[in-house]
Structure formats: C-alpha cells, structure tokens
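Before anything else, here's the structure in question.
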Amino acid sequence: MSKNTKECNDMILCRVWQVLKKPSVKYSLGTLLIVGFISGIVFWGGFNTAMEMTNNEEFCISCHEMEDNVYQEYKETVHYSNRTGVRATCPDCHVPKEWRHKVIRKIQASNELLHKALGTIDTREKFEAKRLKLAGNVWRAMEATDSRECRNCHNFEFMDFTEQGRRAVQAHDKGISAGKTCIDCHKGIAHELPDMHDVDPGSSIGDI
C-alpha cells in the first residue's frame, strides 16, 4: 500500500469518526430520517408478514393438537363444505379482521404456545378433559365481542327472513328482541360440544 493511499484511508476513517463522534445537523437529521424510514419499512413489512404467516388454516393445524381434534370435527360441518363452496377457515372465526383487535388476539395466543410447550393437551384424553374449559374460553371471548367474527359473514341487518325456515325466523326474531348474540344459540356449530352434564343449566357463558 502506498503512502498516499494510506494517508487517504486514514483521512476517511478520521472523517467518519468525527461524524459519529459529533455529527453535524445535516448528517444527524438526514441520517436519522433515512435510517428511521428504512427501518420502519423493514420492521412494518416483517411484522405484517409474520402476522399473515400465522393467520391461515395451514398454520392453525400445523400442530397435531388442532389437526387431530377440532379440525377433524370442523371438516364435518357446513362451515367446511356446503353447496355454495364458501368456507369459513380457522382465522375467519377466531382472528379479528380489524388490525388493533388482531394484534391483541395474537398477543393472547402466546399463552397457547406456552401450553403447547407444556403438553397440556397433547393427547386426545387430555384434550377431552379440557374441552369444556377451552370451549368456555372461546364462548366468553365471542360473547364479549358480540360475536364479531361471526358477523363478518352473518349479520341480522342483511338477513332475508323470507328465505329462512319458520323456526329460524322465530329464533332470530326472538334473539334480536332479547339482545342475544350469535354464540348464545349457536354453540357447537363448528366443533363438537363438550360434556355439559356438570354445568348448571342456569349458568351463563361467563360461569363456565
């Protein structure tokens, strides 16, 4: 390496060090804006990519606890297969569409990862023993949000009661009048009901 090249390299390193040690207003603001903008894009893109990767049916049934139990039950229901071919997948029913609520739900799901690691329901016997508690958790969440995810597809305002059977019309009319929410009447619509023999008939979802 020649003397001039070495001196040039030393000068460049010295200037870089001076900028880092005591940046000018031009460098500090410009650098912060550029780095912040790029970092924001990378973080936001990565965050949303991770959100979507964990927000599909394939991911939901990637653990055998879900695939061997509730998924097999769901496959036997109208939400999985019907004359129109319109399907409601796992996240359609269990993950909010609105971004803020979706993030909250994802944070809550960290508890499910903990129990996955602990093997809380890693056998059919363990799952059945916990079925009522698990179902109760979901029912309470749906009740608290007025069955928000159900209403992505089903909404009283857009129902054509002339196309419904007499019993359905009567039930929906009664439900609307009483201020009921979907899950009050439609438990077990996508999964088998737990054993309810030990549940007080007069208890609410919150008591289960």
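The values are calculated or read from the model by the stated rules, or taken from the named source; none is laboratory data. Note that the coordinates shown come from a computational prediction; the quantities given were computed from them, not determined experimentally. Please note: Cβ atoms are built from the backbone with ideal geometry, for glycine as well, and neighbour counts cover all protein chains shown.
For every residue, the table says whether it meets (1) more than 17 Å from Cys60 (Cα to Cα); (2) under 19 Å from the mean Cα position of the chain (by Cα).
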| position | (1), (2) |
| --- | --- |
| Glu98 | yes, yes |
| Lys126 | yes, no |
| Ala135 | no, yes |
| Cys153 | yes, yes |
| Glu157 | yes, no |
| Lys187 | yes, no |
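Just for helices (runs of 4 or more DSSP H) wholly inside the stretch 1-96: which have at least 1 residues that are at pLDDT 75 or above and over 23 Å from the mean Cα position of the chain (by Cα)?
25-53
Would you mind finding the one in Phe127, Phe158 that is surrounded by 13 or more Cβ atoms within 10 Å (Cβ to Cβ) and aromatic (Phe, Trp, Tyr)?
Phe127
Taking the condition of being crowded, with 17+ Cβ neighbours inside 10 Å and over 22 Å from Thr120 (Cα atoms), how many residues in the stretch 56-88 meet it?
2
Moving on to the next point. What do you reckon, is Gly46 within 16 Å of Lys106 (Cα to Cα) and of a type outside the set (A, V, I, L, M)?
Yes, satisfied.
If you go through the stretch 100-114 one residue at a time, how many are in contact with a helix residue (DSSP H, G or I) (Cβ under 9 Å, 6 or more places away or on another chain) and not aliphatic (A, V, I, L, M)?
4
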